[in-house]
Amino acid sequence: MNTQVKNLIDDLNSGKKLSKENYEYILSNYDKEDFEYIKNLAQSIAIEKFGKDIYFRGIVEFSNICKNDCLYCGIRRSNSNVERYRLTKEQILECCEEGYEFGYRTFVLQSGEDGYFSDEVILDVVKSIREKFPDCAITLSIGERTRKCYEDLFNAGANRFLLRHEAANKALYEKIHPSFQSYEERFRCLKDLKEIGYQVGAGMMVGVPYQTNSDLAEDLYFLQEFNPHMVGIGPFIPHKDTPFRDEKAGSVELSLICLSIVRIMLPNVLLPSTTALGSIEAKGRQEGVLHGCNVVMPNLSPMSVRKKYLLYDNKAGIENDAKTSIEILRKQMEDIGYNVVVTRGDYKK
Ligand code: 5AD
């Protein structure tokens, strides 16, 4: 055991803030025993906060049309091999109805940045869901918008917003995005969302090309300072039709240790065991939970579009319908002694 790593983790656990250098030291120097120590600590904090309850959110991938061109992403606009689709408001509502019957009380509307869903159009979708499902949380994952749009959506009943920061280090951000996508604008959005009153999710991939432990340490430091309500972290997985097709996938171990560090840093955070983690390793989702995660996000999209919303290769769960997905998940969680619970699962201070 590297006692310096343990001391830093204990500091973090006692509520102290760490520096970027501290985070980098942990990432670069932990050994097997430290890894176990960090895992066990994160797991016990999650159990203290949430018991063995796992919240589940249904993701409705309502459009794979995107004006952005993130180098890592399978639905980037330059990928002409994607069969593009968008769901109608009625189809989106049907997905939510089906999900409601299976016990979902949070709907995550996720899409590419599709110009068809103008501020007015998306506002109308949110209003309809809010009207029909007054007891459910609405989470949006629709990318960068103006502050005014975020405000209108919030006032119409959207509760949460997921917008991964992707990279806190500007140079890295600019290496993995085209020049027309702005680092400053990304962080402006996150700041606005928080000020407006959303429960906000940030996060990053682990092992994206060019990323170093120093970059990852900056991400952890950013999360510490920004103090989001939710954090999404998963390994980078290459997609065959992107410039990063020949790059290697991110490490599961490094992803898990980042998740555990975030749990220790932000004890109340809502932390999903991501699809990417479950896609790269059969037991990835369960491992995530054992490392401090308390949320899972199965797919609620219609079967007909599942194979078209691929951000990376070998995405898990695209063959299973909504009912099967939740059954599999329930079983996976029960196998490790956890229960999937029917609740909105809001952030609690
Ligand atoms: N591998 C893993 N995660 C990815 N994402 C996008 N492309 C990939 C990939 N190739 C993540 C991004 C985005 C989220 C919706 O999915 O971090 O914010």
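The values are calculated or read from the model by the stated rules, or taken from the named source; none is laboratory data. Treat the numbers as computed from the prediction; the structure is a model and nothing was measured. So basically every Cβ, Gly included, is an ideal-geometry build from the backbone, and we count neighbours across all protein chains shown. The protein model used for the area step is the full one, side chains on, heavy atoms only, and it has no ligands, DNA or RNA in it. Shrake-Rupley method; radii C 1.70, N 1.55, O 1.52, S 1.80 Å.
Please compute, over every Cα-Cα pair in the chain, the percentage with a separation greater than 24 angstrom.
Here the long-distance tail beyond 24 Å is 54 percent of all Cα pairs in the chain.
Which of the residue pairs 67/348; 308/331; 170/248; 39/283 have a Cα-Cα distance greater than 24 Å in the structure shown?
Details: 67/348 35 Å; 308/331 27 Å; 170/248 22 Å; 39/283 16 Å.
Checking Cα-Cα distances, 67/348; 308/331 exceed 24 Å.
Give the relative contact order (percent, whole number) for the chain; include only Cα pairs under 8 Å separated by 6+ residues.
25 percent
Please give the direction-averaged projected area of the C-alpha convex hull for segment 94-145, in square nanometres with one decimal.
Averaged projected hull area, Cα only: 3.6 nm².
Output the peptides 250-260, 54-64, 276-286 sorted from most to least packed, where packing is the average of other Cβ atoms within 10 Å over each peptide's residues. Please report the intermediate quantities before stating the final value.
Values: 250-260: 22.8, 54-64: 24.5, 276-286: 21.2.
The packing order, highest mean first, is 54-64, 250-260, 276-286.
Between segment 301-329 and segment 145-165, how many Å separate their Cα centres?
26 Å
Along the charge dipole of the chain, Cβ charges K/R +1 and D/E -1, which of 212, 58, 91 sits furthest on the positive end?
With unit charges placed on the Cβ atoms, the residue in question is 91.
Got a sec? Which residues in segment 160-192 would a label at residue 130 touch, if it sits 7 Å along Cα→Cβ and we count backbone N under 12 Å?
Only 160 fall inside the zone, counting backbone N under 12 Å.
Report the full-extension gain for the segment residue 102 to residue 253: residue separation times 0.36 nm, less the Cα-Cα distance, to one decimal in nm.
Contour length minus Cα-Cα distance gives 51.1 nm.
Largest first and in whole Å, give the semi-axes of segment 35-151's equivalent ellipsoid, each being the square root of 5 times a Cα gyration tensor eigenvalue. Show your work: numbers first, answer last.
Numbers: eigenvalues 174, 94, 40 Å².
In descending order the semi-axes read 30, 22, 14 Å.
Hand me the chymotrypsin sites (Phe, Trp or Tyr not before Pro) from segment 200-289 located in a DSSP loop with no more than 16 other Cβ atoms within 10 Å, in residue order please. All intermediate terms of the calculation are to be shown ahead of the outcome.
Details: sites: 210, 221, 222, 226, 236, 244; in loops: 210, 236, 244.
Passing sites in segment 200-289 are 210.
Taking a probe of 1.4 Å, how large is the accessible area per residue of segment 73-169, in Å²?
It amounts to 41 Å² per residue over segment 73-169.
Please give the calculated 222 nm ellipticity per residue for the chain, where each DSSP H segment of at least 4 residues contributes -39500 (n - 2.57) and the sum is spread over every residue; nearest 500 deg cm²/dmol? Provide the component values of the computation, followed by the final result.
Working: 14 runs with 156 residues, N = 349.
Roughly -13500 deg cm²/dmol at 222 nm, from the helical runs in the chain.
Tally up the carbon and sulfur contribution to the accessible surface of segment 246-349 as a whole percent, 1.4 Å probe, everything protein left in place.
Details: 2130 of 4160 Å².
Of all accessible area on segment 246-349, carbon and sulfur atoms account for 51 percent.
If you find the alpha carbon centre of segment 84-106 and of segment 193-268, how far apart are they in angstrom?
For segment 84-106 versus segment 193-268, the Cα centre distance is 28 Å.
Name the cysteines of the chain that stand alone by the Cβ rule: no other cysteine Cβ under 4.7 angstrom.
66, 95, 96, 136, 149, 189, 258, 293
Run down the aspartates and glutamates and flag those whose C-alpha is under 14 Å from the C-alpha of residue 49, throwing out any fewer than 8 positions away in its chain.
Result set, ordered by chain and number: 346.
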